[in-house]
Amino acid sequence: MMKRIAVIILMLAIGTEASFAQHNKELQEMADQDQQARFSQNIDWIKLNREDSLRRERVLNLMKSDSLITGKDYFNAGIIFQHGTDTIESSLAVKSFEKAIKMDSTLNKWWYAAAVDRDLMRKGEPQIYGTQYIQNESTGGKLKQYLIDTTQVTDEDRINYGVETLAQQREKEKLMNLKSPGFYYASSGSIDETIQLIKDEFEEGADSEYNVSEGSINSFGYQLLSRQLLNEALEVLELNTVLYSSSANTYDSLGEALRRDGQIMESIKAYKKSLELDPKNENAKIAVQEMSESKSQEN
């Protein structure tokens, strides 16, 4: 009986140790470097390709020495393998992401779907989820969705893996080839002209040349916020609430900008409007509570 209890305790201890296993720090650093390098300006692709190759070689060595323990380890390995140059490495990316999400269901499953599509594309076969886009030389370099076999997975499967439905993908392709308001602002240097452009393009609807979707305008507003251009950001985000007045997110974003600008009462008002449109918006609830409590303490 004592021996049986000892075995059970040992099994529980092993299970606990596995659940609290530490991610491989070196692998995490390499995955971070992989991603950060691709968000840099003026990328030296010769240098980056060489660094990618060294990272992939190191991951293979880590695998051989059984140094990948957690789901996140395999996830990071997938991130590095996905930038390989052949089908062997793209296949390794698929297997790594597949194992990662089986070990840890909280990881972003979109990466697996994208790796599958990329692997199929490299093999000259149609993708199945619809994550890959290529430049179409016949249309002046515009982005076009790579050939897709729509019969292999359902839209329900796509949603499960964080991928847009087929209808959403068609809309995405169109939006990807539109110019951004931020690009116009950078070239004109005038927020007034950019605001007018957004209004005019919004009126054009499907014939617009600029991406004036709710998300695009919101992203532009946050770009201005990140550059400490508060007045400009407020103008853009406020316009977004006018153009997309039924969206809780537009008011949430405006509330954040107003709060940063010290306009507390106006910020609370915007957040409350967001909550009116989406009562489940926890971010807005917390923001209103924090600012209301702060105001009460001041009084």
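Please report 208, 105 as a ranked list, fewest other C-beta atoms within 10 angstrom at the top and most at the bottom.
Final ranking by Cβ density, sparse to dense: 105, 208.
Relative to 2.2 N^0.38 Å, what does the C-alpha radius of gyration of region 181-298 come to as a ratio? Two decimals please.
1.11
Looking at the chain, what % of the alpha carbon pairs are farther apart than 34 Å?
43
For region 129-199, what is the per residue volume of the convex hull drawn over the alpha-carbon atoms, in cubic angstrom?
Working: hull volume 8.4 nm³, N = 71.
Enclosed volume per residue, from the Cα hull, is 118 Å³.
Connecting C-alpha atoms closer than 10 Å in a GNM of the chain, tell me which of 61, 249, 211 has the biggest fluctuation.
The residue with the greatest mean-square fluctuation here is 61.
Enumerate the aspartates and glutamates that residue 272 could reach by cross-link, defined here as Cα to Cα under 14 Å, with residues fewer than 8 away along the same chain left out.
252, 256, 282, 290
Only Cα pairs within less than 10 Å get springs; with that Gaussian network setup on the chain, which residue of 284, 77, 206 has the largest fluctuation?
Among 284, 77, 206, the largest GNM mean-square fluctuation belongs to 206.
Take the cross-link list 99/174; 199/273; 95/174; 72/95 and give me the ones stretching past 24 Å between alpha-carbons.
The pairs that break the limit, which is 24 Å between Cα atoms, are 99/174; 95/174.
Have a look at 108, 231, 218 and tell me which one the Gaussian network model of the chain (Cα, springs below 10 Å) gives the largest fluctuation.
231
Could you pull out the trypsin sites (Lys or Arg not before Pro) across region 170-240 that fall in loop regions by DSSP (anything but H, G, I, E, B) with no more than 15 other Cβ atoms inside 10 Å?
Loop-located and lightly packed - 227.
Do you know the relative contact order of the chain, to the nearest whole percent, from alpha carbon pairs under 8 angstrom that are 6+ apart?
8
Which GluC sites (Glu not before Pro) in region 207-279 pass both tests, a DSSP loop state and at most 14 other beta-carbon atoms within 10 Å?
For GluC sites (Glu not before Pro) across region 207-279 that sit outside H, G, I, E and B with at most 14 neighbouring Cβ atoms in 10 Å, the list reads 209.
No value in this document is a laboratory result; all are computed from the given coordinates. Please read these numbers as outputs of a predicted model, since none were measured by experiment. Positions of Cβ are generated from backbone atoms using ideal geometry, with glycine treated the same way; all protein chains shown enter the neighbour counts.
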